[in-house]
Each structure stands twice: as C-alpha cells, then as structure tokens.
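Contents: one structure, followed by commentary.
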Amino acid sequence: MIPKLSDINIGRTIEIVNQPSLTYKADFKTGVIAKKIDGLYAIEQTIYKILQTERYEHAIYNWNYGLELADLYGKPRDFIYAELQRRIKEALIQDNRITEVDNFVFERVERDTISVKFKVHTIFGDIDAGRQVNM
C-alpha cells in the first residue's frame, strides 16, 4: 500500500532522547565483569577500550572505533607526537558523549616508549587519561 499525504503527520514534533550510557563494568586486570556502571565511570571504560583497540584490526568493530598505531612504529618522534595527538582526538570524538580532548603532554619513558597524557571533556565531566606507546 502506498501511503497518502493525508496519512503522514507533517506537523508532528520529534523528541530526541539520549540513551543512558549504562554498561557492564569490566576489570581488565582480573578479567571479571561485574555490576553495571553509568555516567563518568562508563565513559572512562569506553576511553580505555578505544585506546587499547587497534583501528581496522577487528571485524567486530566498525571503522570508526579504535586508535591507529601500527604504522607509527619507527617514525621520527616529532611526527609521532603530532600524529598521536590528532589520532587520539579523532578516535575519542567518535563517541557523542565526548566533547573535546586537549592538554596533551608527551614524555619519553624508555628508548622506544613514550607516554601521552591528556584531558577528555565529556558531558558527565572531565577525565584525565593517557596511554603508553611503543615507537
């Protein structure tokens, strides 16, 4: 059956409702998945998972999920710093609960390892995050 224009309510307003960020809490050290978390705790876990997942490597995730690191190995340190900042921002901003990523600080931990720390601004509040990367 083809709808008629009179069947469509054009003047109707649409209400957009944000879904809760409720998820299971995963303890990545012990491997235990327990209780449910929401809000800032859930977004912290999401940030951790995004930063630990190599982008394009796992078929279960879409191409907007994860962080690209594999092609940075062996590149000059200044290039890695600039690319890491851009890629981390790009990876995290895909989540609509994250509004901004800034205040990047890089530190050389070992000869071939750097640490990057940054601030993630979310709709629930700010989170200090970071990641170590082999270069």
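The values are calculated or read from the model by the stated rules, or taken from the named source; none is laboratory data. Being a predicted model, the structure only gives us computed values, none of them experimental. As a convention, Cβ positions derive from the backbone with ideal geometry for all residues, glycine included, and neighbour counts pool all protein chains shown. Keep in mind that these areas ignore ligands, DNA and RNA; they rest on the heavy atoms of the full protein, side chains included. Shrake-Rupley method; radii C 1.70, N 1.55, O 1.52, S 1.80 Å.
Helix 40-52 versus the longest principal axis of the chain: what is the Cα-based angle in degrees, 0 to 90, to the nearest 10?
60 degrees
On a 0 to 90 degree scale, rounded to 10, what angle separates helix 77-93 from the longest Cα axis of the chain?
20 degrees
Placing +1 at every Lys and Arg Cβ and -1 at every Asp and Glu Cβ, with all other atoms neutral, what dipole size does the chain have around its Cα centre, in debye to the nearest 20?
200 debye
Based on the alpha-carbon gyration tensor of the range 41-135 and its eigenvalue square roots a ≥ b ≥ c, which shape applies: rounded if a/c is under 1.5, prolate if not and a/b is larger than b/c, or oblate?
Cα axes put the range 41-135 in the oblate bin.
Can you send over the carbon and sulfur percentage of the accessible area for the chain, probe radius 1.4 Å, protein chains only?
51 percent
Percent relative contact order of the chain, based on C-alpha pairs within less than 8 angstrom and at least six residues apart?
15 percent
Could you calculate the FRET efficiency of Val109 with Tyr41 from 1/(1 + (r/R0)^6), where r is the beta carbon distance between them and R0 is 30 Å, rounded to 0.05?
For R0 = 30 Å, the calculated efficiency reads 0.65.
Suppose only helical runs count, i.e. DSSP H with n ≥ 4. What mean residue ellipticity at 222 nm does that imply for the chain under -39500 (n - 2.57) per run, divided by all residues and rounded to the nearest 500 deg cm²/dmol?
Helix-only estimate at 222 nm: -7500 deg cm²/dmol.
Count the net charge of all other residues whose Cβ sits under 14 Å from the Cβ of Tyr73, scoring Lys and Arg as +1 and Asp and Glu as -1.
With Lys, Arg at +1 and Asp, Glu at -1, the neighbours total -1.
Can you give the accessible area per residue of the chain, in Å², using a 1.4 Å probe?
Heavy-atom accessible area per residue stands at 72 Å².
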